Each structure stands twice: as C-alpha cells, then as structure tokens.
Amino acid sequence: MPDKHVFEYAVVRVVPRVEREEFLNVGVVLYCRAQGFLQCRFAAPDARLRAFAGPTLDLDELTARLHAFERICQGRRTGGPIGQLGLAERFRWLTAQRSTVVQTSPVHPGLCEDAAATLERLYAQLVDLTP
C-alpha cells in the first residue's frame with residue numbers, strides 16, 4: 001500500500017462585499033510538506049461572477065489577485081518577497097485571514113498518496129460545477 005502523507009488545503013473564495021460575508025468558491029490551494037507540493041487551481045468564470053457579485057466587481061483585478069496566488073505557490077521571483085519564502089511559510093501567508101475580495105476558508109487537513117491528484121479532486125468537488 002502506498003504511503004499516505006498529511007496535506008492541508010483551503011478553498012479560495014471571492015467575497016465581493018466583505019460586510020455581507022457571502023462568497024463564491026473559485027479555487028483550492030493545497031500544501032503537502034512530504035511531497036514538497038504547494039499549488040493552487042482556480043477558475044474565474046465571468047458570467048457566474050457577474051451574476052453573483054454584480055457589475056461593480058472588477059474582473060481584471062480579481063484575475064490578477066488569483067494569478068498572484070499562483071505565482072506565490074510557484075515560488076519564483078515573480079511571486080515577489082512572499083514567493084521567496086519556504087513552502088510552509090508561503091502556504092500560511094496565502095491562507096492567513098484577510099478582509100479583501102479574495103479570501104480563503106479555514107485550513108483543512110487530510111491524508112493523500114498523490115497531492116496533485118488530491119488537488120484536482122478537491123477542485124472538482126468544491127469549485128467546478130460542470131457535470
């Protein structure tokens with residue numbers, strides 16, 4: 001039987017009006033120390049976001065913020081100073097509580113054999129609405 005490894009994940013949410021605390025799941029960020037894995041997967045479907053948030057949501061800014069998550073996960077210079085931190089520190093920074101249009105859920109733990117496959121499964125369960 002393959003080894004199981006502890007992983008942690010959080011759901012990435014769009015919260016267009018923070019004071020209302022309503023959100024739409026748009027992605028998942030997953031960290032697995034044992035596999036040296038930190039990645040996110042997201043989608044920002046224009047029509048769905050417009051229907052949920054209304055016309056005041058700046059989709060270009062939202063997309064830029066989501067791509068920043070991706071760059072930080074990759075850990076390159078394009079991720080800025082946060083992107084230069086270790087995997088665990090980057091994950092903690094990404095999942096820190098904040099009061100902005102892009103937020104994350106509380107962090108949830110689990111066990112996995114393959115972190116990439118687990119990210120895909122969680123994305124399909126928690127974000128992707130295609131049949």
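The values are calculated or read from the model by the stated rules, or taken from the named source; none is laboratory data. Given the structure is predicted, the values throughout are model-derived calculations rather than measurements. Neighbour counts run over all protein chains shown; Cβ positions are idealised from the backbone, glycine included.
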### Residue count, the stretch 42-65 (criterion: in contact with a helix residue (DSSP H, G or I) (Cβ under 8 Å, 6 or more places away or on another chain), farther than 17 Å from R20 by Cβ and touching a residue at least 40 places away in the same chain (Cβ under 8 Å))
1
### Task
Can you run down the residue pairs with Cβ atoms below 7 Å, 6 or more apart or on separate chains, where the first is in the stretch 75-92 and surrounded by 11 or more Cβ atoms within 10 Å (Cβ to Cβ) and the partner is modelled with pLDDT under 90 and not acidic (D, E)?
G83/R76; G83/R77
### Query
Given R77, R90, R71, which one is over 15 Å from the mean Cα position of the chain (by Cα) and among the basic types (K, R)?
R77
### Query
What tally of residues in the stretch 44-66 results from selecting those that are among the small types (G, A, S) and surrounded by 16 or more Cβ atoms within 10 Å (Cβ to Cβ)?
2
#### Entry: Whichever residue in the stretch 93-123 is without any contact (Cβ under 8 Å) to a residue 60 or more places away in the chain and within 13 Å of C40 (Cα to Cα) and, among such residues, is farthest from the chain's Cα centre (by Cα)
A117
